[in-house]
Amino acid sequence: MTSETRRTGGPDPVEAGAGERTQYMQPPGPDSPTSAVRGPVPRPAGPDGPPPPPPGPPAPLSPLWVWGAPVLAVLAVLLLPLAAATSDLSDMGGWGLAPALSPLAWVALALAIACCVVELWSPRPRIPMLGAATTVLILCSTGMPSVVQPQARFTTAWLISGFVDAVAGNGVPPTGVDARFYWPGFFAQWAWFRDAAGADQLDTILRWYPPAVVAVWAIGVYALARSMLGGTRAPWVAAWLFVGLNWIEQDYFSPQATAIVLLLTVLTFALGPLATRRVDNAGVPGWPRPHRGAPPLPRWRRWLISALTPPNQPTLPARQLLLIYFCAALCLIALAPTHQLTPFAIIGQLVVLAIVGRFRGRGLVIVATLTVVVFILIGARDFWMTQISMITGGSDEGGAIEAGFFDRLEGDTGQLVVKLLRVLMPGLTWLLAIAGAWVYWKRRRDLVPIALAGIPMGMAVVQSYGGELLLRVLLFGLPILTILAVDALRAFVRVDRKRERLMAGAMVVLFLLLIVIRGGNDAYLDVTTEDVQMTRQAYDQAPPGATVQPLATVGPYALEGVGDHNNMASGGDGCGILASDPFRCIDLVQPQTLLFYKSMEKQGVVLNGEQPGWTVAIREQLIASGQYRATYENGFNAVLVRNEPLPQPGVPAPDAAAPDAVAPEGAAPAAPAPDAPAQGGTP
Amino acid sequence: MTGFALTWIVFLLVLAVFAARAWVVETNRGRLSTAGSAQRGLTVAAVGSVVLLVVMLTANGGIELVDLLINGEATVTAPSDQAATGGQQPGEAPPAPAPPPADPAN
């Protein structure tokens, strides 16, 4: 409807004069003079007065809206270095990071939340400012440990850094070390980056990887929410809610973190530019019946119509569509050698979308499926030829649910509270998402989103994967769950706009809980600069091929030497972790170098009910027995080296009880005396 | 090894045929000749290449994998870690260490 045909609501205007009626005009000939065409005649005013004038330029915003969010964001960022300087991380307990944080850190988080809320409440929210506010929010919440801790947390992040180091050596993943080397895409990628940059370690990357990758995830959630929710504010709220509900902490330096980026990229393509919908062009009501008063059709006919109706087509030009196909196929192909589970999650989601006709390019499903099958059958052949039990499950392995939930409910009060909060958060997420699915159904008659969120739960059948499976299942569904939750919250707020204040308060509580939950294990997941330096020094001093083992599998014990120093927890006979039965296991494994970290001590105290000083007692007894000597001691950190010549491959090791045994020819020189001076102080 | 290499080559062939078909389908979208001979031919080629790939996969590992899955056993020839994702995960509790030993002096 153009401005000329729009009615003002009054009676019909008076009939136009004779001169304004439609007239036949002679087509101009080649010699006709140029004639002007008269413009439209203004309509006469109706009985209610003249039509409203067109809207003028928007009124200028109040300085509060113009400068409020930027000032809050700058203040939040400025407080972060002060928070890092004033936080005391030296004695974290069972509650983890939260009690150790400086009040300035909490103020920075509050300012970041205020920045987001102020810009969202602005009459005209600015997209660049919202993006900056989201970045600051991520930095002050997910990135808080990266800010206040000088090194990356998590043993697994350092372990994967060690995998990258192993691949960077000669470009070939070592065999017989760890099952994850059969999916070496991520390790090869970072080994290439490392070599190209001329670096020999990735410590800084490890430290800042979580906030960086969560920022990328948030972009994906924002893009998905724009497609599914529309509007200008709701997609940003979806991104913030995703950050707030992402307690799962699969965002450390790991293959699955990168795989989620690829998954979100493909999903954004499928639900965005490739999105289609079965629309009956003939006007026959499809399924479900859109209006209550519409005449019902037989169910079989509705299903038949729905199935036979071809999806409509995207309006993008062909070249853009082809470029999107190429990028999506590239992501799907890259997923296969990167992570074990993520390809199955995205294939399942694409299959659902293809069945209901929601995206164009169903060949992508075939490409993804064939890629995974080819890679597993050919590329990961050694894996399933030797470790098929990881797929089928063994009789002595606990299920994923048991390992992911029941086995973790232990520790002191702080640990138990944090773990119960981890149980409550997924429940809250699913509750909100189901409410959002109902709102989405009422609004768009669509149940596909909740199906997309539920598809990854099918992977729970792989019970042999271990306790992390539940975390991955939650993570794969979290973007869609978050978007549905935002739809529910939007419907809740639209009832009464005063509820927006309640939502702002809930956002503060959510992010406080996020800090508490994510940092709940930092008492024993914290890694210090001393830990890293001590470990590197231990590897530098270890002879080639010597076994280097940690007392327990925390700390950066495998940041290098993977494949060379038998440093993975691989001892048999219940000795995968030496601390489970320290003296028997140490006698059995006979590590050449034994690593002790403060995190091991904390883990035993806050998680396993050990008495303070238990690692020191083990260390002192090992030294007193003459088996080991300390080459480094400082507090709970220590490096013990075995007092015996190195065993030669193929030659049985000499009996440790026979001090006068003759060392085999070519053996390394005998270790120094046990009373050699240690490099550090004693605890 | 030749079979594996041939399987990878057939897989690349499948990708190439799918790409060519997508090009023909999308660049002809909206025209009257949407189901031309090129599109029909490429559809047949895509189906044929997929069938060929499935045959190659079946011959190069597929039968063995199915056999292993049915029997549920395999000869372990390489050591592995204790779990598919060994190492400490957030919130993961390792086995409880033994209590500290008594004072050696006692």
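For residue A:497, which of the numbered conditions (1) in a loop (DSSP other than H, G, I, E, B); (2) closer than 28 Å to residue A:248 by Cβ; (3) assigned by TED's automatic domain parsing to the domain that holds residue A:415 fails to hold?
Result: residue A:497 passes all but (2).
Residue A:344 is checked against (1) over 18 Å from residue A:480 (Cα atoms); (2) open to solvent by 20 Å² or more (accessible area, probe 1.4 Å); (3) of a type outside the set (Gly, Ala, Ser) and fails just one. What number does that condition carry?
(1)
Search the range A:352-367 for residues being assigned to a helix (DSSP H, G or I) and touching a residue at least 60 places away in the same chain (Cβ under 8 Å), and hand back the single one that is surrounded by the most Cβ atoms within 10 Å (Cβ to Cβ).
Step by step, filter the range A:352-367, then rank; the result is A:364.
Of the conditions (1) more than 33 Å from the chain's Cα centre (by Cα); (2) open to solvent by 20 Å² or more (accessible area, probe 1.4 Å); (3) more than 19 Å from residue A:526 (Cβ to Cβ), residue A:609 satisfies every one except a single condition; which number is it?
The number of the failed condition is (1).
Every residue in the range A:189-206 that is open to solvent by less than 60 Å² (accessible area, probe 1.4 Å) and not aliphatic (A, V, I, L, M), please.
A:190, A:194, A:203
So in the range A:614-623, with the set limited to residues that are within 7 Å of chain B (Cβ to nearest Cβ) and open to solvent by 10 Å² or more (accessible area, probe 1.4 Å), which one is nearest to the chain's Cα centre (by Cα)?
First, pick out the residues of the range A:614-623 that are within 7 Å of chain B (Cβ to nearest Cβ): A:614, A:617-618, A:621.
When the remaining residues are screened for being open to solvent by 10 Å² or more (accessible area, probe 1.4 Å), the result is A:617, A:621.
Numbers: A:617: 39, A:621: 43 Å.
Of everything passing the filter in the range A:614-623, A:617 is nearest to the chain's Cα centre (by Cα).
Could you go through the range A:160-174 and let me know if any residue there is surrounded by 24 or more Cβ atoms within 10 Å (Cβ to Cβ), touching a residue at least 12 places away in the same chain (Cβ under 8 Å), more than 14 Å from chain B (Cβ to nearest Cβ) and of a type in the set (S, T, N, Q).
Checking the range A:160-174: not a single residue is surrounded by 24 or more Cβ atoms within 10 Å (Cβ to Cβ), touching a residue at least 12 places away in the same chain (Cβ under 8 Å), more than 14 Å from chain B (Cβ to nearest Cβ) and of a type in the set (S, T, N, Q).
Identify the single condition in (1) more than 14 Å from chain B (Cβ to nearest Cβ); (2) at pLDDT below 95; (3) open to solvent by less than 20 Å² (accessible area, probe 1.4 Å) that residue A:498 does not satisfy, given that it satisfies every other one.
Checking residue A:498 against (1) more than 14 Å from chain B (Cβ to nearest Cβ); (2) at pLDDT below 95; (3) open to solvent by less than 20 Å² (accessible area, probe 1.4 Å), the one that fails is (3).
Of everything in the range A:530-558, what is within 14 Å of chain B (Cβ to nearest Cβ), buried (at least 24 other Cβ atoms within 10 Å of the Cβ) and not in a loop (DSSP other than H, G, I, E, B)? Give them in sequence order.
Initial filter on the range A:530-558 (within 14 Å of chain B (Cβ to nearest Cβ)): A:531, A:547, A:549-558.
In the following step, the residues that additionally are buried (at least 24 other Cβ atoms within 10 Å of the Cβ) were identified as A:549-558.
Across the range A:530-558, the qualifying residues are A:549, A:550.
Determine which single condition residue A:152 fails, assuming it passes every other condition in (1) aliphatic (A, V, I, L, M); (2) open to solvent by less than 10 Å² (accessible area, probe 1.4 Å); (3) not in a loop (DSSP other than H, G, I, E, B).
Every condition holds for residue A:152 apart from (3).
Residue by residue through the range B:35-56, note down the ones that are at pLDDT below 95 and either among the hydroxyl-bearing types (Ser, Thr, Tyr) or open to solvent by less than 30 Å² (accessible area, probe 1.4 Å) (or both).
Matches in the range B:35-56: B:36, B:37, B:43.
Output the residues belonging to the range A:390-437 that are assigned to a helix (DSSP H, G or I) and at pLDDT below 75.
A:390, A:391, A:392, A:400, A:401, A:402, A:403, A:404, A:406, A:407, A:408
What residue, among those in the range A:414-445 that are in contact with a helix residue (DSSP H, G or I) (Cβ under 8 Å, 6 or more places away or on another chain) and within 14 Å of chain B (Cβ to nearest Cβ), is surrounded by the fewest Cβ atoms within 10 Å (Cβ to Cβ)?
A:421
Please find, among A:238, A:294, A:282, the residue that is at pLDDT 95 or above and more than 25 Å from residue A:321 (Cα to Cα).
Testing whether each residue is at pLDDT 95 or above and more than 25 Å from residue A:321 (Cα to Cα) leaves just A:238.
Could you check the range A:560-644 for helices (runs of 4 or more DSSP H) lying wholly inside it with 3 or more residues that are in contact with a strand residue (DSSP E or B) (Cβ under 7 Å, 6 or more places away or on another chain)?
A:614-624
Residues are listed down the side, and each one gets a yes or a no for (1) within 13 Å of chain B (Cβ to nearest Cβ); (2) among the aliphatic types (A, V, I, L, M); (3) open to solvent by 20 Å² or more (accessible area, probe 1.4 Å):
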{"site": "A:560", "(1), (2), (3)": "no, no, yes"}
{"site": "A:568", "(1), (2), (3)": "yes, yes, no"}
{"site": "A:580", "(1), (2), (3)": "yes, no, yes"}
{"site": "A:584", "(1), (2), (3)": "yes, no, yes"}
{"site": "A:593", "(1), (2), (3)": "no, no, no"}
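Inspect all residues belonging to the range A:331-340 and state whether any of them is surrounded by fewer than 23 Cβ atoms within 10 Å (Cβ to Cβ), part of a helix (DSSP H, G or I) and out of contact with any helix residue (DSSP H, G or I) (no Cβ under 8 Å at 6 or more places or on another chain).
Checking the range A:331-340: not a single residue is surrounded by fewer than 23 Cβ atoms within 10 Å (Cβ to Cβ), part of a helix (DSSP H, G or I) and out of contact with any helix residue (DSSP H, G or I) (no Cβ under 8 Å at 6 or more places or on another chain).
Residue A:142 versus (1) assigned to a helix (DSSP H, G or I); (2) under 25 Å from the mean Cα position of the chain (by Cα); (3) not small (Gly, Ala, Ser): which is the lone unmet condition?
(1)
The values are calculated or read from the model by the stated rules, or taken from the named source; none is laboratory data. These numbers come from a predicted model, not from an experiment. With ideal geometry, Cβ positions are generated from the backbone for all residues, glycine too; neighbour counts draw on all protein chains shown. Note: areas computed on protein heavy atoms with side chains; ligands, DNA, RNA excluded. Shrake-Rupley method; radii C 1.70, N 1.55, O 1.52, S 1.80 Å.
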